[in-house]
Amino acid sequence: MSSQDRRTPARRTVFRAVSIVAVVIVVGIVVSASYVFYDVSMHAEDKGTPIGPVTAALIERGEYLTSAADCAACHDTPNGKPFAGGLPFKLPFGTIYSTNITADRETGIGNWSDDDFVRALRRGIAPGGHYLYPAFPYTSFTAMSRDDALAIKAYLFSLPQQHVANEENDLSFPFNQRWGMAFWNLAFLRDQRFAPDSAQSAAVNRGAYLATAIGHCGECHTARNLAYGVEGGREFAGDVLVGWRAYNITSDKRFGVGAWSDAQLASFLSSAHAQGRGSAAGPMAEAVENSLQYLTSEDTGALVAYLRTVAAQTGEVNTGQAPLAQEPEDELGRHVFEDGCANCHQYSGDGRQTVYASLAGSRSVNDPDGANLTQILLNGAKYRFKDQNVYMPPFGAAYSDAELAAVANYVIAHFGGKTGHVAPQDVAKRRQE
Ligand code: HEC
Ligand code: HEC
Ligand code: HEC
């Protein structure tokens, strides 16, 4: 037998294998393309009866819901045009921008039908089969009722139109291929409306709806996996976003908010401060400032009632009984505190001039990593809660990395009774975030 003849059957096998792979790929492409084609079409659930006449009452309800869902946080233009979009979201694989959601027909969503709007909020698909990225929290809004979605639309359409063209996204391949989101949605989007739990009170159900479908607390407080999907089974157990720790808010007594009183929770959510628990800073302060402080007291109470029922989970930062006694040895930290902080914060941890500056009991001074503490030192705080201006200057320029790390560790020891391990390199790294 020649070597030629001996190879022929082998070649045939290889050819057959290659053909099978090719067929599998072609079938795969056809099946995928058909799936995408089916997915972008209007589904029965996206369609419904028209909302009817746009009354003042409908617009008012829409305004309340738009505020509770904090659409403005992401859609107000950086230079102040309401809902005209353009806010950048820096992701590991590029930057995407929020869009113009005013009723301008050319640059906004003025041509969208009610069904188009409902499909976008529930399934992240815009007209023309244009998939949206989950930086837009449709994975939460999907639970919203059609009536509420359309009240929001009615409100948005009642506002002045802004003629502001959308920014081009800057994403690398393959992330710039929007159709790929069809498969991400298949894995991570639970396309389901909120269903009340008949075993729970009306308040708990209202709170659950507000926290998930509207207030999207989980977008910040629930950890994400490597594919950016929220992790099942870790609801509200905490996560890190843009350098800030969104703490565990489950009912666990040490790691979560189970030991907070109802009054403390209500006060924190509606005014960004609770006696004995510190103040909200960073993204949470913004959520209170733009959205949560405008909830009715019944709705705040409903959120509190719901948080009580969230299954306890451990992990993240615990607040034990914090002794104020432990004095750190580090002289530099004490010196910076005396020089730059004591004036507002006092050694007792009670704030001077404003209760917002009271540090005693705050989760941030109990976190040995000093994540949020470093953020507030670098960025300061400037908010308006319930007609009160709250201000802390940024210290990034005034102090070196070593000084900021030292004062962070001092604060953690003095107010949290823990050994902080903030290193100057950590401060340097967070300056870049
Ligand atoms: C956490 C930030 C965030 C919040 C909160 C948010 N959005 Fe968005 N939204 C985005 C981003 C980012 C995009 C762009 C997504 C893309 O290009 O894929 C977007 C896109 C959209 C679109 C698609 C517009 C288009 O032209 O394709 C609509 C509609 C929309 N948002 C409505 C809303 C409404 C209504 C709310 C409040 C109920 C809201 N958004 C809250 C970030 C947000
Ligand atoms: C944009 C992101 C974001 C959203 C949305 C958000 N949070 Fe937060 N939340 C945070 C961050 C960050 C902190 C830590 C703030 C700090 O250091 O002061 C926080 C802190 C808290 C705390 C204090 C926890 C503690 O131990 O000190 C509570 C309670 C809380 N959030 C509840 C909620 C609820 C309820 C919702 C939804 C209605 C919500 N948050 C929505 C980011 C967010
Ligand atoms: C001009 C007054 C002022 C000065 C000076 C000041 N702070 Fe603050 N600080 C505040 C106020 C007001 C708040 C509450 C901000 C808020 O509501 O988020 C605050 C909040 C904090 C928090 C809580 C953050 C959180 O996530 O809960 C920490 C920690 C803190 N300051 C540390 C310091 C340190 C350390 C210094 C000195 C380097 C300092 N502050 C200087 C006024 C001040």
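The values are calculated or read from the model by the stated rules, or taken from the named source; none is laboratory data. All values derive from a computational prediction rather than experimental measurement. Please note: Cβ atoms are built from the backbone with ideal geometry, for glycine as well, and neighbour counts cover all protein chains shown.
Quick grid of which residues meet (1) near ligand 3 (Cβ under 10 Å from one of its atoms); (2) in contact (Cβ under 8 Å) with a residue 40 or more places away in the chain:
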site	(1), (2)
343	yes, no
355	yes, yes
372	yes, yes
385	yes, yes
410	yes, yes
433	no, yes
**Fill in**
Of those in segment 131-145 that are more than 8 Å from ligand 1 (Cβ to nearest atom) and out of contact with any Leu (no Cβ under 9 Å at 6 or more places or on another chain), the residue nearest to residue 232 (Cα to Cα) is 140
**Item:** Residue list for segment 229-258, filter: of a type in the set (Phe, Trp, Tyr) and either surrounded by fewer than 15 Cβ atoms within 10 Å (Cβ to Cβ) or within 14 Å of ligand 3 (Cβ to nearest atom) (or both)
**Value:** 244, 247
**Complete:** In segment 211-226, residues that are within 16 Å of ligand 1 (Cβ to nearest atom) and either free of Cβ contacts under 8 Å to residues at least 24 places away in the same chain or not in a helix (DSSP H, G or I) (or both) total 5
**Item:** Check on residue 62, modelled with pLDDT of 90 or more and part of a helix (DSSP H, G or I)
**Value:** yes
**Message:** Looking only at segment 68-98, how many residues end up being on the phi < 0 side of the Ramachandran plot and more than 17 Å from the chain's Cα centre (by Cα)?
**Reply:** 7
**Asked** Scanning for something out of contact with any helix residue (DSSP H, G or I) (no Cβ under 7 Å at 6 or more places or on another chain), surrounded by fewer than 16 Cβ atoms within 10 Å (Cβ to Cβ) and modelled with pLDDT of 95 or more, does segment 317-331 turn up at least one residue?
**Response** no
**Request:** Return yes or no: is residue 271 without any contact (Cβ under 8 Å) to a residue 12 or more places away in the chain, more than 8 Å from ligand 2 (Cβ to nearest atom) and under 13 Å from residue 386 (Cα atoms)?
**Result:** no
**Complete:** residue 132: passes all of (1) within 24 Å of residue 220 (Cβ to Cβ); (2) out of contact with any strand residue (DSSP E or B) (no Cβ under 8 Å at 6 or more places or on another chain) but (2)
**Request:** Look through segment 387-408, keep the residues that are closer than 30 Å to residue 297 by Cα and in contact (Cβ under 8 Å) with a residue 40 or more places away in the chain, and return whichever of them is nearest to ligand 1 (Cβ to nearest atom).
**Result:** 390
**Asked** When the residues of segment 46-64 are filtered to those that are acidic (Asp, Glu) and surrounded by 15 or more Cβ atoms within 10 Å (Cβ to Cβ), which remaining residue is nearest to residue 300 (Cα to Cα)?
**Response** 63
**Prompt:** Restricting the search to segment 301-316, which residues are surrounded by 22 or more Cβ atoms within 10 Å (Cβ to Cβ) and in contact with a helix residue (DSSP H, G or I) (Cβ under 8 Å, 6 or more places away or on another chain)?
**Reply:** 302, 303, 304, 306, 307
**Asked** Out of segment 197-210, which residues are exposed (fewer than 13 other Cβ atoms within 10 Å of the Cβ) and not in a helix (DSSP H, G or I)?
**Response** 197, 198, 199
**Asked** If we scan segment 254-269, do we find a residue that is touching a Cys at 6+ places or on another chain (Cβ under 8 Å) and outside any strand (DSSP E or B)?
**Response** no
**Message:** Would you confirm whether or not segment 274-284 contains a residue that is within 16 Å of ligand 1 (Cβ to nearest atom) and in a loop (DSSP other than H, G, I, E, B)?
**Reply:** no
**Prompt:** In this structure, does residue 82 turn out to be within 28 Å of residue 295 (Cβ to Cβ) and either touching a His at 6+ places or on another chain (Cβ under 9 Å) or not assigned by TED's automatic domain parsing to the domain that holds residue 127 (or both)?
**Reply:** yes
**Prompt:** Within the bounds of segment 259-267, is there any residue that is buried (at least 21 other Cβ atoms within 10 Å of the Cβ) and either under 18 Å from the mean Cα position of the chain (by Cα) or of a type in the set (Gly, Ala, Ser) (or both)?
**Reply:** no
**Prompt:** Looking only at helices (runs of 4 or more DSSP H) that fall completely inside segment 330-428, which ones have 1 or more residues that are within 16 Å of ligand 2 (Cβ to nearest atom)?
**Reply:** 342-345, 371-379, 401-416
